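Trainee: Starting off with a structure, shown below.
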Amino acid sequence: MTRIGLAYISGAVPGFEDFGNLPTDIVKENGLVDGLKASEELDALIIPGGTLIESNDINMDLNTEIKRMARDGKPIIGICAGFQLLSNQIDIGRKSPVPIVKEGLGLIDVDFSPLITSDRVKAKVFDNSFLVKNQTEDVDGFHTHTYGKVEGDAKPLFYSKVQRMNYGDVNKEAEYNIFSGACNDDGNVIGTMIHGILDENPILVENLFEKIDATDIDEIYNRNLKVKEFLQSEVGINTNINVPKLENKPQKPKYLMIGSNGSDSGKTFIMTGLAGAIRKRGYKVALLKVGPDVRDIIPGLYLTKGKMEDFASVKIGHLGWADIESTIAKLNSSDYDIVLIEGVMSVFTGLLNEKVPFSAAEIAMSSKIPMILASGVNKGGIESAAIDLVSHANMLEKFGIPVEAILLNKVYNDDIFNQVVPYIKNNTNVEKVLKLPKLKSADMRGFIPEVEIRYELFTSHAMDLIENNLDVDEIIEMTREVEFDKIYTFDEIKSKVI
């Protein structure tokens, strides 16, 4: 019986992709499969992405089993953080004045340092491993990482062509400008920054089957269904929060956008907590991000075990993966129950760019997507946030966007909050004014997506904060079925602003 393991450990995102529908067994932190050593039971191992390095949750038992499998010539495929784990070292000191170096297992002779990319990509292939045998064309997949600069002497496997790096467009004439995959000298230990590489490139799956002499392919796929069933049975990883069966499944998905009046409002934290709390009630939740930076929805996917769909990044201008019209068409014929969409910066940022759509407001306008409008109060204070939110809510109403609730985030004084609630209600048509308290530990390392995020820490605090301070069922009632209507022209937008 062929057995292909999937590492199921805190900080990993094992539901992020299907891994070619190959995993037949779950491998936990202790390095065991059904109570026996992984190196003795498995024919191959897949290590998914996540925050394995930041989380420090790979313990010596699993490390030992990985090294034994590598020594025995068994295939090991590490993707994103899985690749980092197999490397020599990783500098996770983005925005730090000095490097913060974490040690890898040293199985692939490369080092990592900060580099942000979040693109759908094509990658050139180098014939240095069994995995890419007969793969004469570019491979497909996607990047979404913060620490993705790869340097070293290991045999290359892939170079990706990307559109943007570190928030800036790259030279359109440049080709294959990111070193995105490598292997050890024997070619059996493989690392790549390309997600979806086993899902979108069937020749690679065939090569893996050949390498491990798999003849029971139908049985592998059948056992993979059991693995997926296990993944979907729990919110997050090792939380013991079971996902109940949903009694009254909606016929079509319902939508809600989390918008804000600016960056640092806590949109990612709020959406992460909502994603987990709603999944905990049995709903299948899709997560989308307006614009290209799909890294923001990964913490939510950590809780829901959802896939990073090929439409997860909603296109604005030339940035992103899929336009809103095709995205809604795909979602409305899917088995998702609720769709949460995270805005980008202020809902109005980019509104007057002649490339349309170029803002979260235009995406919401296109399909009358309901919105929770949020603001962090930590910079200008509660009063300033209230005044700004009133202005934003009234303009959104002018655009025909239903604002279901206004949410003040990081509230440090309940008395002041209670004073501004009547002001908000008297000056808008928004009935529900919500608050989330300031999280005392929010400035700790591990909480900041742009610097260093520990998924198990970030997500548990986000879900707790949402469930302890908001009525989740009330928020589910705010979701609405939508249909794409139109993209408003630049002149139509200007006329509404004026």
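The values are calculated or read from the model by the stated rules, or taken from the named source; none is laboratory data. Since the structure is predicted, the reported quantities are computational estimates derived from the model, not experimental observations. Cβ placement follows ideal geometry from the backbone for every residue including glycine, while neighbour counts extend to all protein chains displayed.
Trainee: Taking region 5-36 only, how many residues are closer than 18 Å to residue 70 by Cβ, part of a loop (DSSP other than H, G, I, E, B) and small (Gly, Ala, Ser)?
Mentor: Residues that pass the stated criteria total 1.
Trainee: I would also like to ask the following. Of the residues 249, 267, 245, which single one is of a type in the set (D, E, K, R), in contact (Cβ under 8 Å) with a residue 60 or more places away in the chain and not assigned by TED's automatic domain parsing to the domain that holds residue 344?
Mentor: Answer to the selection: 249.
Trainee: Against the definition (within 16 Å of residue 119 (Cα to Cα), surrounded by fewer than 22 Cβ atoms within 10 Å (Cβ to Cβ) and within 21 Å of the chain's Cα centre (by Cα)), how does residue 167 come out, yes or no?
Mentor: Yes: the conditions hold for residue 167.
Trainee: Shifting gears a bit: Determine whether residue 259 is crowded, with 24+ Cβ neighbours inside 10 Å, within 14 Å of the chain's Cα centre (by Cα) and small (Gly, Ala, Ser).
Mentor: Here the answer is no, as residue 259 does not meet what is asked.
Trainee: Here is a list of conditions, (1) buried (at least 19 other Cβ atoms within 10 Å of the Cβ); (2) under 25 Å from the mean Cα position of the chain (by Cα); (3) of a type in the set (Val, Ile, Thr), and residue 108 meets all of them except one; can you say which number that is?
Mentor: With (1) buried (at least 19 other Cβ atoms within 10 Å of the Cβ); (2) under 25 Å from the mean Cα position of the chain (by Cα); (3) of a type in the set (Val, Ile, Thr) applied to residue 108, the lone miss is (2).
Trainee: Okay, moving on. With respect to residue 225, is the statement that it is under 27 Å from residue 141 (Cα atoms) and surrounded by fewer than 20 Cβ atoms within 10 Å (Cβ to Cβ) true?
Mentor: Yes, satisfied.
Trainee: Assuming residue 2 fulfils every condition listed in (1) in contact with a strand residue (DSSP E or B) (Cβ under 8 Å, 6 or more places away or on another chain); (2) of a type in the set (Val, Ile, Thr); (3) part of a loop (DSSP other than H, G, I, E, B) apart from one, which condition is it?
Mentor: (1)
So that you can scan it fast, the table gives a plain yes or no per residue for (1) in the same structural domain as residue 22 (by TED's automatic domain parsing); (2) buried (at least 24 other Cβ atoms within 10 Å of the Cβ); (3) in a loop (DSSP other than H, G, I, E, B):
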residue	(1), (2), (3)
39	yes, no, no
63	yes, no, no
83	yes, yes, no
93	yes, no, yes
99	yes, no, yes
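Trainee: Next question, about the same structure. Can you work out which of the residues in region 48-98 that are farther than 20 Å from residue 4 by Cα and acidic (Asp, Glu) is farthest from the chain's Cα centre (by Cα)?
Mentor: Result: 91.
Trainee: With a cut-off of at least 2 residues that are among the basic types (Lys, Arg) and farther than 26 Å from residue 278 by Cα, name the strands (runs of 3 or more DSSP E) lying wholly within region 151-253.
Mentor: 155-161
Trainee: Tell me which residues, restricted to region 368-378, are in contact (Cβ under 8 Å) with a residue 60 or more places away in the chain and either closer than 30 Å to residue 414 by Cα or crowded, with 22+ Cβ neighbours inside 10 Å (or both).
Mentor: Passing the criteria: 369, 370, 371, 372, 373, 374, 375, 376, 378.
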